[in-house]
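See below for the structure under consideration.
The values are calculated or read from the model by the stated rules, or taken from the named source; none is laboratory data. It should be emphasised that the depicted structure is a prediction, and the values quoted were computed from it without experimental measurement. Methodologically, a virtual Cβ is constructed for each residue, glycine included, from the backbone with ideal geometry; neighbour enumeration extends over all protein chains shown. The protein model used for the area step is the full one, side chains on, heavy atoms only, and it has no ligands, DNA or RNA in it. Shrake-Rupley method; radii C 1.70, N 1.55, O 1.52, S 1.80 Å.
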Amino acid sequence: MEEELNEEYYKAERKTEWRDKLRKEIKAKERTDISRVRMPEADPNVRNKSNLEVNKGLTLEMAIAESHRCLDCAVPTCIIGCPVGTNIPKFIKYLEAGDILGAAEVLKENNSLPAICGRVCPQEIQCEAQCFYVKKLSKEGAAIGHLERFVADYAREHGEATIPALAEPNGIKMAVIGSGPAGLTVAGELAKFGYDVTVFEALHDLGGVLKYGIPEFRLPKSIVDYEINTIKNMGVKFITNFIVGKTASIADLKEEGYVAFFIASGAGLPNFMNIPGENYSGIQSANEFLTRVNLMGGGNKDFDTPVHTGKNVVIIGGGNTAMDSVRTAKRMGAERAIIMYRRTMEEMPARAEEIKHAIEEGIEFINLASPIEYFADERGKVNKMRVQKMELGEPDASGRRRPVVIKGSEYDIDVDSVVIAVGVSPNPIIQQSIPELEITKWNTIKVDGNMMTSIPGLFAGGDIVRGGATVILAMGDGRKAAAGMHSFVQADVFANI
Amino acid sequence: MFKIIEKKFLSENVAKLVIEAPYIAKSRRAGHFIILRIDKNGERIPLTISDADVEKGTISLIVQRVGVSSHKLCAMNAGNFILDVVGPLGKATHISNVGTVLCAGGGVGVAPLFPIVQAMKLAGNRVITIIAARNKDLVILENEMAEYSDELIVMTDDGSKGTKGLVTQGMEEVILREKIHQAIVIGPAVMMKFAALTTKKYDIHTLASLNTIMVDGTGMCGACRVSVGGKTEFVCVDGPEFDAHKVNFDEMLSRLGAYKDKESENYEAYVKSCEAVSLN
Ligand SMILES: Cc1cc2nc3c(=O)[nH]c(=O)nc-3n(C[C@H](O)[C@H](O)[C@H](O)COP(=O)(O)OP(=O)(O)OC[C@H]3O[C@@H](n4cnc5c(N)ncnc54)[C@H](O)[C@@H]3O)c2cc1C
Ligand SMILES: Cc1cc2nc3c(=O)[nH]c(=O)nc-3n(C[C@H](O)[C@H](O)[C@H](O)COP(=O)(O)OP(=O)(O)OC[C@H]3O[C@@H](n4cnc5c(N)ncnc54)[C@H](O)[C@@H]3O)c2cc1C
Ligand code: SF4
Ligand code: SF4
Ligand code: FES
């Protein structure tokens with residue numbers, strides 16, 4: 001796997017006869033003259049009132065046309081940009097050759113959730129940013145994400161629902177804590193090695209942020225469920241409503257025979273800004289808002305869960321969570337759905353595509369501004385916020401220019417709902433239940449190169465190790481940890497013979 | 001799926017449910033709660049674990065009908081299944097031998113008070129318990145409380161049972177009569193607010209168990225947040241018990257009302273649908 005992903009391997013692959021031939025069929029100049037495919041999208045004024053998936057997916061013709069753009073470079077720099085080292089030219093060339101299920105197999109070599117990554121990876125700063133087109137030609141990169149999604153969707157719709165080859169069951173019990181992308185990846189990988197894997201999930205539904213955070217219009221729940229089902233079919237057991245550290249401790253699970261553990265409990269704790277009036281009713285975290293809508297059916301009259309919306313909704317923040325919240329608020333009927341961000345459009349951490357979609361859907365942006373106080377009516381419900389303007393100063397540690405307050409620039413906005421999306425912190429439940437576990441000052445769990453924590457046999461990965469990061473990084477950690485857990489258990493097994 | 005083993009009404013609007021949940025039964029301590037979801041369209045609601053039987057692997061819940069979910073729950077029977085039950089949640093009550101403890105419960109606050117009374121007694125404290133209700137039909141857990149209390153005072157608003165008056169009056173009488181080392185108050189937010197003001201006058205350390213609105217119960221959403229001593233705390237993970245003299249009850253009351261309009265709408269729709277069924 002990872003160790004095979006070296007230049008020699010790519011070169012050898014690239015020299016295979018069929019790829020040589022395919023490459024030569026179209027001249028490089030002709031390839032670079034093709035313009036990048038445009039993803040068909042639902043009409044902004046229709047989709048902003050429904051849960052329709054915004055990106056409709058490429059047609060076969062579009063996907064093949066785009067596959068022609070990929071030059072099958074001798075040094076495929078795109079791969080460096082992918083945190084799991086997807087063999088990008090290889091899968092695109094299978095696609096170009098018309099072997100779409102073959103392309104899907106390539107994706108599955110490194111990535112167990114390509115239909116999800118094709119939709120949610122920030123490609124413009126990962127694989128596509130390193131593409132030859134961007135680096136050397138100053139053109140738009142190959143549409144790697146769109147093609148990845150196309151191939152994975154095609155395989156799901158046309159292929160047989162196959163599961164990867166599994167080793168003989170070895171009866172060794174492994175526990176995974178959390179069913180987000182990190183946990184799902186570890187579970188799938190460990191099942192391939194033949195382990196008896198159980199995933200424990202605190203919520204009543206599986207998928208972590210993929211389910212409760214990222215909305216339906218961006219990542220349909222049916223796709224997440226399909227992937228989870230594949231992992232179930234590989235023999236992995238899932239137990240919902242089970243909080244490790246509360247329902248039972250890791251020590252209890254050890255007694256039940258689990259020999260190694262993977263902690264993938266995520267960064268689920270919402271940050272607040274601690275400004276006056278922030279606890280008025282009508283002010284909620286993005287997690288609360290999105291969970292009520294995505295996980296609990298809030299806003300759907302067949303479900304009992306209520307949710308706060310309003311005519312004037314302001315979302316504080318500029319990341320994916322803020323973008324998901326503001327677009328959800330719009331879909332729930334807000335007349336003004338506003339992003340308030342303290343820097344400018346350029347610094348926004350959200351995926352470029354989400355920002356584009358948000359603008360098309362009529363989202364307002366108030367940049368270079370930050371709330372300083374909230375006010376409420378006599379029932380304690382928020383009705384106004386005080387905002388101060390900012391300007392950009394010197395770059396800070398993150399390299400982004402630091403927002404500086406403009407004195408005397410305060411003004412008020414009428415609001416009836418506010419959603420706070422200014423970041424998350426690691427979930428502390430596990431750390432609190434194992435005091436001897438080493439953690440950082442940000443409360444993330446410390447791990448070594450194999451993703452093992454300070455306690456032998458206890459591994460961790462994803463947002464609980466990185467703080468709020470990305471789906472693909474969480475999955476990358478999962479793959480590494482599965483390998484680490486496998487060697488750990490094997491060493492242990494042999495030591496005990 | 002979690003099976004209901006036993007169900008009975010303790011009063012007109014309060015039911016006791018015994019539910020099969022072996023892991024939770026084993027891990028729970030006094031003060032812990034669970035969150036349940038009745039069916040796939042249900043909301044997640046928090047309820048205190050009022051008792052547990054480790055051998056049988058069961059927990060008991062005592063629920064008061066106030067809105068849609070609690071009505072649906074009270075309409076369920078032994079043999080039915082609850083889709084989701086998760087817990088135990090929250091921090092357990094810190095139980096130690098402090099001397100004399102005054103435990104005051106109002107309305108359905110009596111249910112979450114019971115495991116604390118029990119644990120305080122078993123830890124060797126002198127326990128004086130006050131349970132208050134609007135009228136005699138709403139008094140619950142009288143025998144259970146009596147068993148673990150050195151003294152039990154029953155109070156009703158209309159005097160139909162026990163002493164007539166508010167819980168705060170009962171508390172004050174006890175406080176004036178003997179030295180109280182610690183107080184614990186659980187009930188509607190308004191009651192806790194005034195109970196806290198009462199004990200503050202006499203400088204008695206007091207805990208209140210807060211029943212805020214919750215979603216996940218694991219610190220993920222912040223729906224349950226309250227200001228305690230000027231600091232924002234999450235009731236589900238930092239509580240549910242806090243120093244009652246530091247809690248901002250007015251803020252808590254306004255947050256409890258956050259979904260009031262929508263909930264009343266849901267509730268009316270639910271009542272109508274029930275009527276429609278019974279007419280058919
Ligand atoms: C709204 C939103 C939008 C996002 N958009 C993108 C995007 O477009 N692209 C992208 O790459 N990334 C995005 N991210 C970030 C990405 O979702 C996360 O980085 C990723 O999900 C982390 O995966 P994880 O497996 O570490 O944790 P999570 O997905 O957070 O899953 C953790 C799971 O563990 C469970 N859990 C926690 N504690 C326990 C316990 N004690 N016992 C049992 N279970 C437990 C939780 O309930 C949860 O289900 C977004 C995040 C949010 C919130
Ligand atoms: C930690 C904790 C422990 C609890 N333990 C118990 C218990 O043991 N037994 C019990 O009966 N209840 C308990 N509660 C309260 C219980 O969760 C609510 O009564 C329940 O969620 C109401 O749901 P519903 O759909 O029936 O009513 P809703 O439709 O949600 O509400 C109906 C009315 O009740 C009000 N209301 C809503 N939630 C609360 C609340 N938390 N407190 C006071 N009023 C509220 C609403 O404003 C509304 O007017 C506890 C709450 C917490 C946070
Ligand atoms: S997994 Fe993400 S980063 Fe890697 S190739 Fe696919 S879209 Fe690009
Ligand atoms: S860098 Fe771009 S053009 Fe080259 S192989 Fe990768 S995707 Fe294709
Ligand atoms: S209920 Fe969500 S944080 Fe407490």
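At a 1.4 Å probe radius, carbon and sulfur cover how many percent of the accessible area of region A:335-446? Carbon and sulfur atoms account for 49 percent of the accessible area of region A:335-446.
Length gained on full extension, residue A:29 to residue A:432, computed as 0.36 nm times the residue gap minus the Cα-Cα distance: 139.1 nm. Among the listed pairs A:21/A:356; A:232/B:3; B:3/B:40; B:91/B:246; A:221/A:384, give every one whose C-alpha distance is greater than 27 Å. Correct reply: A:21/A:356; A:221/A:384. Protein-only accessible surface at a 1.4 angstrom probe places the residues B:27, A:35 in the order A:35, B:27, largest first. Modelled this way, with points 7 Å down the Cα-to-C-beta line, the labels at residue A:491 and residue A:412 are 6.4 nm from one another.
Measuring nothing but how far apart in sequence close Cα pairs (under 8 Å, 6+ apart) lie, relative to its length, chain B scores a relative contact order of 16 percent.
The 3J(HN,Hα) values that the Karplus relation (6.51, -1.76, 1.60; θ = phi - 60°) gives for region B:3-17 are, in residue order, 7, 7, 8, 8, 8, 8, 7, 8, 8, 3, 10, 10, 10, 10, 10 Hz. Gly and Pro appear as x.
For chain B, set up a GNM with springs between Cα atoms under 10 Å and report which of B:133, B:75, B:208 has the largest fluctuation. Taking springs between Cα atoms under 10 Å, the residue moving most is B:75.
Backbone phi angles across region B:92-108, fed through the Karplus curve with coefficients 6.51, -1.76 and 1.60 (θ = phi - 60°), yield HN-Hα couplings of 5, 4, 6, 9, 8, 8, 9, x, 10, 10, 9, 10, 10, x, x, x, 6 Hz in residue order; Gly and Pro are listed as x. If you average the sequence gap of Cα pairs under 8 Å that are 6 or more apart and divide by the length of region A:372-412, what percent do you get for the contact order? Normalised by residue count, the contact order of region A:372-412 is 34 percent. Leaving ligands and nucleic acids aside, the A/B contact buries around 3500 square angstrom of accessible area in total at a 1.4 Å probe radius.
A straight line joining the Cα centroids of region B:215-246 and region A:403-452 runs 17 Å. The label point for residue A:59 and the one for residue A:249, both projected 7 Å from the Cα toward the Cβ, are 6.2 nm apart. A simple rule links phi to the HN-Hα coupling: the Karplus curve 6.51 cos²θ - 1.76 cosθ + 1.60 with θ = phi - 60°, which for region B:191-200 gives 4, 5, 4, 6, 4, 5, 4, 4, 6, 4 Hz, with x for Gly and Pro. The spacing between region A:66-132 and region B:33-64, judged by their C-alpha centroids, is 48 Å.
Within the full protein context, the accessible area of residue A:158 is estimated at about 110 Å² for a probe radius of 1.4 Å. Measuring against 27 Å, Cα to Cα, the residue pairs A:192/A:254; A:389/A:446; A:301/B:26 contain A:389/A:446; A:301/B:26 as the ones spanning a longer distance. The shape of chain B can be summarised by an equivalent ellipsoid whose semi-axes, obtained from the alpha carbon gyration tensor, come to 29, 21, 20 Å from longest to shortest. With K and R counted +1 and D and E -1, the other residues having a Cβ less than 9 Å from that of residue A:312 yield a net charge of -1. Burial of accessible area (probe 1.4 Å, heavy atoms of protein chains only) in region B:199-242, relative to its chain alone, reaches at least 30 Å² for B:215, B:218, B:220, B:221, B:225, B:232, B:234.
Solvent exposure of residue B:245, expressed as accessible area, is near 50 Å², computed with a probe of 1.4 Å over the protein chains only. Per residue, region B:21-135 exposes 34 Å² of solvent-accessible protein surface, assessed with a 1.4 angstrom probe and all protein chains in place.
Taking amide H as placed 1.01 Å from N in the peptide plane, the amide H of residue B:213 sits under 5 Å from none that are at least 5 places away or on another chain. On the principal axes of its alpha carbon atoms, chain A extends 72, 64, 49 Å, with the longest extent given first.
Cross-link partners of residue A:139 among aspartates and glutamates, defined as those whose alpha carbon lies under 15 angstrom from its own and excluding same-chain residues fewer than eight positions apart: A:30, A:33, A:66, A:124, A:128. Percent of C-alpha pairs per 10 Å bin in region A:195-281, short distances first: 13, 37, 30, 15, 5, 0.
A 1.4 Å probe over all protein chains sorts A:404, A:415 by accessible area into A:404, A:415, starting with the largest.
When shorter helices are ignored and each DSSP H run of at least 4 residues is given -39500 (n - 2.57), the per-residue value for chain A at 222 nm works out to -10500 deg cm²/dmol.
Accessible area per residue (1.4 Å probe, heavy atoms of protein chains only) ranks B:35, B:213 as B:213, B:35, with the largest value leading.
Database remark: amide H of residue A:197 closer than 5 angstrom to the amide H of A:174, A:237 (H placed geometrically; neighbours at sequence offset of 5 or more, or on other chains; Pro and chain starts carry no H). Considering only B:113, B:253, B:36, the Gaussian network model of chain B with Cα springs below 10 Å gives its largest mean-square fluctuation to B:253. Taking one quarter of the surface of the convex hull spanned by the alpha-carbon atoms of region B:89-155 gives a direction-averaged projected area of 4.4 nm². For residue B:153, the amide hydrogen comes within under 5 Å of the amide hydrogens of B:129, B:130, B:131, counting only partners 5 or more places away or on other chains and with H modelled in the peptide plane.
Note that region A:158-279 presents 34 Å² accessible area per residue, ligands and nucleic acids not counted, probe 1.4 Å. Going 7 Å from the Cα of residue A:18 along its beta-carbon direction, which residues of region A:82-108 have the amide nitrogen within less than 19 Å of the resulting point? It comes to A:87-108, nothing else.
The mean sequence separation of alpha-carbon pairs under 8 Å and at least six residues apart, normalised by the residue count of chain A, gives a relative contact order of 14 percent. Ranked by the mean number of other Cβ atoms within 10 Å of their residues, highest first, the peptides B:11-20, A:335-344 fall in the order A:335-344, B:11-20.
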